[in-house]
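Asker: Could you have a look at this structure, given as structure tokens, before my questions?
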Amino acid sequence: DSGAFFSCPELSSLICNMSKEKFWEGMALAAWRCGRGLGGVGVALTVWVCLSHRCSEWLRCCGGGEPRPRTVWLGHPEKRDQRYPRNVINNQKYNFFTFLPGVLFNQFKYFFNLYFLLLACSQFVPEMRLGALYTYWVPLGFVLAVTIIREAVEEIRCYTRDKEVNAQVYSRLTARGQPPAAQPWGRAAEWRAPPLLSTGSCFLRTDQLDGETDWKLRLPVACTQRLPTAADLLQIRSYVYAEEPNIDIHNFVGTFTREDSDPPISESLSIENALWAGTVTASGTCPRRGIELRSVMNTSNPRSKIGLFDLEVNCLTKILFGALVVVSLVMVALQHFAGRWYLQILRFLLLFSNIIPISLRVNLDMGKIVYSWVIRRDSKIPGTVVRSSTIPEQLGRISYLLTDKTGTLTQNEMVFKRLHLGTVAYGLDSMDEVQSHIFSIYTQVKARCGPGSAPLKGSAPTTKVRRTMSSRVHEAVKAIALCHNVTPVYESNGVTDQAEVALVQWTESVGLTLVGRDQSSVQLRTPGDQILNFTILQLFPFTYESKRMGIIVRDESTGEITFYMKGADVVMAGIVQYNDWLEEECGNMAREGLRVLVVAKKSLAEEQYQDFEARYVQAKLSVHDRSLKVATVIESLEMEMELLCLTGVEDQLQADVRPTLETLRNAGIKVWMLTGDKLETATCTAKNAHLVTRNQDIHIFRLVTNRGEAHLELNAFRRKHDCALVISGDSLEVCLKYYEYEFMELACQCPAVVCCRCTPTRDREKRGPVSRLSVLADLPVWSVRPAGDGGNDVSMIQESDCGVGVEGKEGKQASLAADFSITQFRHLGRLLMVHGRNSYKRSAALSQFVIHRSLCISAMQAVFSSVFYFASVPLYQGFLIIGYSTIYTMFPVFSLVLDKDVKSEVAMLYPELYKDLLKGRPLSYKTFLIWVLISIYQGSTIMYGALLLFESEFVHIVAISFTSLILTELLMVALTIQSWHWLMTVAELLSLACYIASLVFLHEFIGLGKQPMGGAFDVYFIATLSFLWKVSVITLVSCLPLYVLKYLRRRFSPPSYSKLTS
């Protein structure tokens, strides 16, 4: 029994202690020992248990299961036997064995493709066969071949890129100090963290990871810098502790401990000590590699977006399937359900299967490729990239635009505009006064101290008023020159935050220049060419959560320790000492459209700093809740700081932002601007960019914190009409929590919405209220996100129905994650007004004409079957049914993707034309019904006309009706075209020539001689004058009324664009 099985001592020892080398030997032993009493079941259970145990062990070793922290040992050879995941990347969706099954599964999981597969398979049943097998399998095979080739090309490209990365070589440092020959990178461990560099600090860029192109400082482990050579790293006894793998790319928790020193040295490791995989470095340890790398763990497949147009077409195909079932039931009902009526229903389902065109999806997919190619080749929007070729029609259905401010509407080029000290403010026209204050301070200090001497503490000019103002200006400028994360370079490279660069450049213009900086010191040059040296004791970088940064420095000349801090007013207001001007002046500067920073300082005694440093180091060594403990220690210093000044920088608008927003507004697109700025700054920018018109009222949504306040404010907002809404991120969160649908209903009626103090979280699971807007809006929502904010914008781009990224100055992550990428915001107008409008209208015409082509031949089949006593006999077989939708009509029908109703210049000049598309009129139930009626009329006319005019020559019914059908389709394409392209003419003539040539040279093959009435294509018969004029009459009767109706409609009820084209 199972109890005896599991009590087997050999199996127990194997499960408890199984090595890789003894795996198969032990499994065979257990199978033989335990299988003697259990037979085949015992062997199967033994193999299953061993495999399960072994696979689970290997899975844990390869990164599967629960992620665990890791310790990497140096100088401990006995502890190096650790298993790691393979150090390769794999971005392929399939492998060699799963490619074909995977592609086929993804195709046939949809009803549209599964229907045609079942249809083709049914022809293997003799009772249900209606014609040659290739008439069903060739079209299906063509569709699948196109899909398989496309997927194969993408997989090969992906495999090539992965292979190129995995084939990179590396050199490993050994105890002999000589690196061995280069080996494939895929067999090495990638550098992740921490670097044990022997060459000091370094800078790196993470633009391939988070899209930010600024240079980031990375620091080495301090105690390894004193080693003579890099080879000595292998002689020390130490270990590195790294936290468990996670997807957070902005934090890292670890420790470095050296055991062979007295006492043992422990240093905390953070993100500043980490290098990303693929970084070229001198020496280091590799706690993570392969699938445990955070860059790999952050790789996820974005959701597959389906445009509204594709959903509408899918809905129409379902209606066509319902019509197919109804027609089949009617045909059988007219036979009074005689005999095996259920089999007749299946035969009629197959007979009228052309009602659902199999070529519809192929034509639409090929059309999307053409639209994408046209967008990329447009010289008026250079640099535009189409990364999602499945939704170009969605560009013509945009109702709402969610746009960021910085980097999208603005250039992200900061210009220093204002310095405010509380009692006095300095603008661009008074910067010479600031310069004179700085010059007077250092010239008087130099005069008092003598040439070459260091400045003395407390040095001041003569008059008291002059002394007070000059000292305040000097302290403010010095704080701005010291409190930043800028490193001066003398070559053209990436920089840090644009606002920090603007501040440092301004201090240089007024006389205090940053000349040098490393990880431990800062050097400033005074107007008298003196060098002021400061030692950096601690640096607290800016984060999106804290919204502030700080630095602790020691003045080398005086020994003073000063804590400088700058940040947003919303957080600094609770840190600085009480004052009565901070809030008011921040509001005044924000109303001028300036971005405000509050600068403060605090002097520290030596004992006070030593106590802080001890607590700070202890908190950084913690591996549990490190961020919380570190923040708590830092906040102990952030109290009662002296307010020095306010700074105001301005971000210039991008070129042609105002006319572009006006174009979008005239096109019926409502723009929502999302920004992290103050309410006054956001309102000023909205007015300056003409997002809000001059004569438009603005409703400022009051700050609400609970459900009751939100209810009252929503009621007040409901009484406003045609006004722009300005709301803060906190109020938005409350409204979406309690009254999300009520709020969205009111907000969607506003011509413009400005959301300020809005900072989307980086967590994928906590996208916040802003990213939920695109999900809650019932209409198509389109999101434009800048690259300047890095990862903040990506989640909203992926959540939107159609995402467009603008390549900014601080990175490309948003543009890389977007469906469409543009280089300037002004290109947005042409992308929507021209390409979006054309793509949608062309696909609408193409899809409806393909449906008309299939319904027309189905109507002829219905007439043919009803005339012959509702027999389930096909009218066309073999090559005819295939050629009808391929060589005879494919090129003219597909040429509709080149059609356009107005020129691009007219579409840009009259954006009101775009507004008509928002109602979906080019493809609606009304237009669909019109095309259905046209198909029924033309199919019935052709079939009844052929029966009437050729009654005495009934054996030629196939040639008669098919020729009329081809000519009718070619004329209908000409009727549908609104602007002729030379390729359209070529397609019409080429298709007609192909048909005539097939009649002459392939008349026996295409006729087959096996038609139900014995008819075949007779070249002598079709060359007679009687055949020609009668076919012409049938074609004329089927098409002439439609031409007349089109003329009358354009004459008495012209479309909006017709007046512009005349």
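The values are calculated or read from the model by the stated rules, or taken from the named source; none is laboratory data. Since the model is a prediction, treat every value here as computed from it, not as a measurement. Here the Cβ is made from the backbone with ideal geometry for all residues, glycine too, and neighbour counts use every protein chain on show. We work out accessible area using only protein heavy atoms, side chains counted, and drop any ligands, DNA or RNA first. Shrake-Rupley method; radii C 1.70, N 1.55, O 1.52, S 1.80 Å.
Asker: For Q168, which sequence-distant residues (separation of 5 or more, or a different chain) have an amide H within less than 5 Å of its own amide H, given hydrogens modelled in the peptide plane?
Answerer: W185, G186
Asker: For the stretch 916-921, what does the Karplus curve 6.51 cos²θ - 1.76 cosθ + 1.60, with θ = phi - 60°, yield as ³J(HN,Hα) per residue in whole Hz, taken in order and with x for Gly and Pro?
Answerer: Here the 3J(HN,Hα) series is 5, 6, 5, 8, x, 5 Hz.
Asker: Highest mean first, how do 583-591, 822-830, 107-115 rank when packing is the count of other Cβ atoms within 10 Å averaged over residues?
Answerer: Working: 583-591: 17.9, 822-830: 21.3, 107-115: 14.7.
By packing density, highest mean first, the sequence is 822-830, 583-591, 107-115.
Asker: Quick one: which of K216/K478; K93/K919; K687/K915 span more than 27 angstrom between C-alpha atoms? Spell out each step's value before the answer.
Answerer: Working: K216/K478 24 Å; K93/K919 38 Å; K687/K915 24 Å.
Beyond 27 Å: K93/K919.
Asker: Would you please give the residues with an amide H less than 5 Å from that of V221, counting only those at least 5 places away or on a separate chain, with H modeled from the backbone geometry?
Answerer: For V221, the qualifying residues are L197.
Asker: Would you please give the residues with an amide H less than 5 Å from that of R548, counting only those at least 5 places away or on a separate chain, with H modeled from the backbone geometry?
Answerer: Close amide H contacts, sequence-distant or interchain: T543.
Asker: Which order do peptides 1044-1055, 633-644 fall in by mean Cβ count within 10 Å, highest first? Can you show the working numbers first?
Answerer: Details: 1044-1055: 10.7, 633-644: 17.1.
Going from most to least packed, we get 633-644, 1044-1055.
Asker: Using a/c under 1.5 as the rounded threshold, could you call the stretch 874-994 rounded, prolate or oblate? The axes a ≥ b ≥ c are square roots of the C-alpha gyration tensor eigenvalues, and prolate needs a/b larger than b/c, oblate otherwise. List each step's numbers first, then the result.
Answerer: On the way: a/c = 3.03, a/b = 1.89, b/c = 1.61.
Cα axes put the stretch 874-994 in the prolate bin.
Asker: Can you work out ³J(HN,Hα) from phi for every residue in the stretch 383-397, in order, using Karplus 6.51 cos²θ - 1.76 cosθ + 1.60 and θ = phi - 60°, giving whole Hz and x for Gly and Pro?
Answerer: For the stretch 383-397, the Karplus-derived couplings read x, 6, 10, 9, 9, 10, 7, 9, 10, x, 5, 5, 5, x, 10 Hz, x marking Gly and Pro.
Asker: Using each residue's phi in the stretch 616-626, evaluate 6.51 cos²θ - 1.76 cosθ + 1.60 at θ = phi - 60° and report the 3J(HN,Hα) Karplus result to the nearest Hz, with x for Gly and Pro.
Answerer: Taking θ as phi minus 60°, the curve returns 5, 5, 4, 5, 6, 7, 5, 9, 10, 6, 4 Hz for the stretch 616-626.
Asker: With 19 Å as the limit, write out which pairs from K926/K1046; K405/K670; K318/K926 have Cα-Cα distances beyond it, or answer none. Present the calculation step by step, with values, prior to reporting the outcome.
Answerer: Working: K926/K1046 16 Å; K405/K670 15 Å; K318/K926 16 Å.
Checking Cα-Cα distances, every pair stays at or under 19 Å.
Asker: How do 233-243, 371-381 rank on mean C-beta neighbours within 10 Å, highest first? Don't skip to the answer; put the middle values down first.
Answerer: On the way: 233-243: 18.5, 371-381: 15.2.
Going by the mean number of other Cβ atoms within 10 Å, highest first, we get 233-243, 371-381.
Asker: If you take the square roots of the eigenvalues of the alpha-carbon gyration tensor of the stretch 910-951 and sort them as a ≥ b ≥ c, do you get rounded (a/c under 1.5), prolate (a/b over b/c) or oblate?
Answerer: Numbers: a/c = 10.04, a/b = 3.87, b/c = 2.59.
Prolate is the answer for the stretch 910-951, as a/c is 1.5 or above and a/b outweighs b/c.
Asker: Can you tell me the length gained on complete extension of the stretch I265 to Y925, counting 0.36 nm per residue apart and subtracting the Cα distance? Working shown, then result.
Answerer: Working: separation 660, 0.36 × 660 = 237.60 nm, distance 7.59 nm.
Difference between extended and current length: 230.0 nm.
Asker: Still on this structure, please answer the following. How much accessible area per residue does the stretch 825-980 have, counting only protein heavy atoms and a probe of 1.4 Å, in square angstrom? Let's see the in-between values first.
Answerer: On the way: 5270 Å² over 156 residues.
I get 34 Å² per residue for the stretch 825-980.
Asker: Can I ask one more? Classify the stretch 532-673 from the C-alpha gyration tensor, please: rounded if a/c falls under 1.5, else prolate or oblate depending on whether a/b exceeds b/c. Walk me through the intermediate numbers first.
Answerer: Details: a/c = 2.67, a/b = 1.98, b/c = 1.34.
The shape class here is prolate.
Asker: Can you give me the Cα centroid spacing of the stretch 871-943 and the stretch 688-759 in angstrom?
Answerer: Spelled out, the Cα-based centre of one part sits 44 Å from the other.
Asker: Out of the total accessible area of the stretch 831-888 (probe 1.4 Å, heavy atoms of protein only), what percent is carbon and sulfur? Each step should come with its number before you reach the end.
Answerer: On the way: 820 of 1180 Å².
About 69 percent, which is the carbon plus sulfur part of the accessible surface.
Asker: Relative to the compact globular guide of 2.2 N^0.38 Å, what is the alpha carbon radius of gyration of the stretch 686-757, as a ratio? Walk me through the numbers before you get to the answer.
Answerer: Values: Rg = 11.8 Å, N = 72, 2.2 N^0.38 = 11.2 Å.
Compared with the compact-globule rule of thumb, the stretch 686-757 sits at 1.05.
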